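The values are calculated or read from the model by the stated rules, or taken from the named source; none is laboratory data. These figures come from a predicted structure and were not determined experimentally. Cβ atoms come from the backbone with ideal geometry, glycine included; neighbour counts cover every protein chain shown.
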């Protein structure tokens, strides 16, 4: 007998096997007042996907008001937030925002153009199996809920996060497996093709990534089938809706006005093209207002403007498909003019400017001791330190707009994360370079591919700062125009091609291989062979940009900026950490106060000492060595005589460590009394000549 909920509806359940485990989708169990809600269970992970659809279109809006959020709940993993002051979940973490974007990107293009009804989807993690990340389960939950609303959603969508484990592709890999994998790839799409790709990689080849796309596409199909089965069992009723599109008569009038004004006359380099488009738009609105009448035109201006934009996009596509020429006159594989410079800011630790066309990024690198690493409080794992931080800013002036300054939005966080992910594989280890590193990209001007400008400018600034990167990284944004089944792949896309095109595909990597990917499709799924073609086409573009960068700065500088802190490291026996810290921190506080150096201690015994003054570092290091060094036979130590006996004397050679020098070891000549040679408090040099099985030290003053 079916279980009944309080509303008298049967609980409907669908099960399938996905990547070796049972995936369960349930409706009518919770969320009774939503447009649709689905409870998705995979292993011990449970995610609630809810969707709400407004009944009417939002008037006066020129975009689709869709919001997709991912909710982390610390209780899901049996945790209370590690923050000392905040225990309740508040503003989403950067990680939650990035996962929300990850779910949004394959879903948003699947609604029809002109749809203006407000849609909200929330994926809430209620229980989390710690052996894998819950993000792909959340994507399935969000998609399943949307599929049941009756809204014009051309899904369902499913996705998998793929790792490379022992040479084989694996979904739902453990944290340890992902850590050791050369590939961390998210692939999402519909039954007929892929709509979104995102990856971090350790210099892997284009062929490996393409093979992983094929594997993931085939592997996520059961989750698509399960959602379709659920929708059939529920009996989804399609909702009535109205698309807000330019009137056909308006579009025809716009097309007639722009005829002869676009095409060849508009194929100009940026920014001249942008200025001409702006002038044409103003002329168009003025002419149309005069023809229609100023008062009547007020209500129709937005519709005419959208039709004008549509005509521009059609012209861009026509130029590429018919003439193999892009809006600024470039060939399909031609890169905009490049330039770069380093060391542009005198007081920063590293800086650079990278310019591609009129897209420009200024990057600033700051170095600090490891204690300045960011502590991240995560639902998925214990608190961890983020040593490398990339932040991206793009104010309104970068696109010629007046815009109120505010905190970073989802786009800024996403672009910063992509650039950060691109560089992490080539960073030196903490042992090689014991610094926390903050890289900030201030976008100066935007005309497409700013996240790739952020990547390139960051690499140059890091090398300017003297960070010993394993290899330099470059990045490029690729585009795609589909004419029927014929793909036209574009290298280094600008805004006009991005807005009019069918794909935005960003790839970063070294000369050896790929380090990061972000791919978004505006069409309803792309065949795998086209994706492989786009991947392959990106490689020469990356190489061309990397060559230009290395002409500016061929390798990391050998010396740090004089304004950067100097950091030296010493590795001690972890059992000796207590000796350095002292009771209640007394010893380490005394070292820092008397030397002026900053000291950081890690659990494995790595100690870093930072100061601008090299003498302060050396003083602190010698102090630490004195506290932690193990006595070594044959070494000469300088120590103080602490007591004199008839048979010899005791000398303190290290903090807390005394050795005994027998009277026979005081001199090559006969010594009658120890006091004839030594006095208490005297500073002498003595050689360690032996350590017995009880740990007692024997010293000698002979031959010293």
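For residue 467, indicate whether it is in contact (Cβ under 8 Å) with a residue 60 or more places away in the chain, in contact with a strand residue (DSSP E or B) (Cβ under 7 Å, 6 or more places away or on another chain), crowded, with 21+ Cβ neighbours inside 10 Å and in a loop (DSSP other than H, G, I, E, B). The answer is yes for residue 467. Would you check if residue 198 is buried (at least 17 other Cβ atoms within 10 Å of the Cβ), on the phi > 0 side of the Ramachandran plot and not assigned by TED's automatic domain parsing to the domain that holds residue 537? No, not satisfied.
Within the range 623-650, how many residues turn out to be outside any loop (DSSP other than H, G, I, E, B) and either in contact (Cβ under 8 Å) with a residue 40 or more places away in the chain or more than 43 Å from the chain's Cα centre (by Cα) (or both)? Of the residues in the range 623-650, 16 are outside any loop (DSSP other than H, G, I, E, B) and either in contact (Cβ under 8 Å) with a residue 40 or more places away in the chain or more than 43 Å from the chain's Cα centre (by Cα) (or both).
Contact map, the range 212-233: first residue in the same structural domain as residue 191 (by TED's automatic domain parsing) and crowded, with 19+ Cβ neighbours inside 10 Å, second residue in a helix (DSSP H, G or I) and modelled with pLDDT under 95, Cβ cut-off under 8 Å, separation 6 or more or different chains; pairs are 213/528; 213/531; 213/532; 217/528. Only helices (runs of 4 or more DSSP H) whose full extent lies in the range 520-609 are considered here, and the ones with at least 1 residues that are closer than 22 Å to residue 372 by Cα and either assigned by TED's automatic domain parsing to the domain that holds residue 479 or in contact (Cβ under 8 Å) with a residue 40 or more places away in the chain (or both) are 577-581, 586-595. Scanning the range 37-88 for residues that are closer than 21 Å to residue 384 by Cβ and in contact (Cβ under 8 Å) with a residue 60 or more places away in the chain turns up 45, 70, 72, 73, 74, 76, 77, 79, 81, 82, 83. The condition of being surrounded by fewer than 22 Cβ atoms within 10 Å (Cβ to Cβ), closer than 29 Å to residue 479 by Cα and in contact with a helix residue (DSSP H, G or I) (Cβ under 9 Å, 6 or more places away or on another chain) does not hold for residue 135.
Just one of the listed residues (92, 106) is under 28 Å from residue 219 (Cα atoms), within 33 Å of the chain's Cα centre (by Cα) and either buried (at least 16 other Cβ atoms within 10 Å of the Cβ) or at pLDDT 95 or above (or both), namely 106. For the range 539-590, how many residues are within 30 Å of residue 336 (Cα to Cα), surrounded by 12 or more Cβ atoms within 10 Å (Cβ to Cβ) and in contact with a helix residue (DSSP H, G or I) (Cβ under 8 Å, 6 or more places away or on another chain)? Counting residues in the range 539-590 that are within 30 Å of residue 336 (Cα to Cα), surrounded by 12 or more Cβ atoms within 10 Å (Cβ to Cβ) and in contact with a helix residue (DSSP H, G or I) (Cβ under 8 Å, 6 or more places away or on another chain) gives 7. Filtered by the rule that a residue be surrounded by fewer than 20 Cβ atoms within 10 Å (Cβ to Cβ) and assigned to a loop (DSSP other than H, G, I, E, B), the range 359-379 gives 369, 377, 378. One residue alone among 479, 475 is under 21 Å from the mean Cα position of the chain (by Cα) and either on the phi > 0 side of the Ramachandran plot or in a strand (DSSP E or B) (or both), and that residue is 475.
Have a look at 493, 443 and point out the one that is in a loop (DSSP other than H, G, I, E, B) and under 20 Å from residue 361 (Cβ atoms). Walk me through it before giving the result.
Numbers: 443 fails: in a loop (DSSP other than H, G, I, E, B).
Among 493, 443, only 493 is in a loop (DSSP other than H, G, I, E, B) and under 20 Å from residue 361 (Cβ atoms).
Filtered by the rule that a residue be in contact with a helix residue (DSSP H, G or I) (Cβ under 9 Å, 6 or more places away or on another chain) and at pLDDT below 90, the range 673-703 gives a lone residue, 702. Scanning the range 595-633 for residues that are crowded, with 19+ Cβ neighbours inside 10 Å, over 11 Å from residue 566 (Cβ atoms) and out of contact with any strand residue (DSSP E or B) (no Cβ under 7 Å at 6 or more places or on another chain) returns 595, 623, 627, 628.
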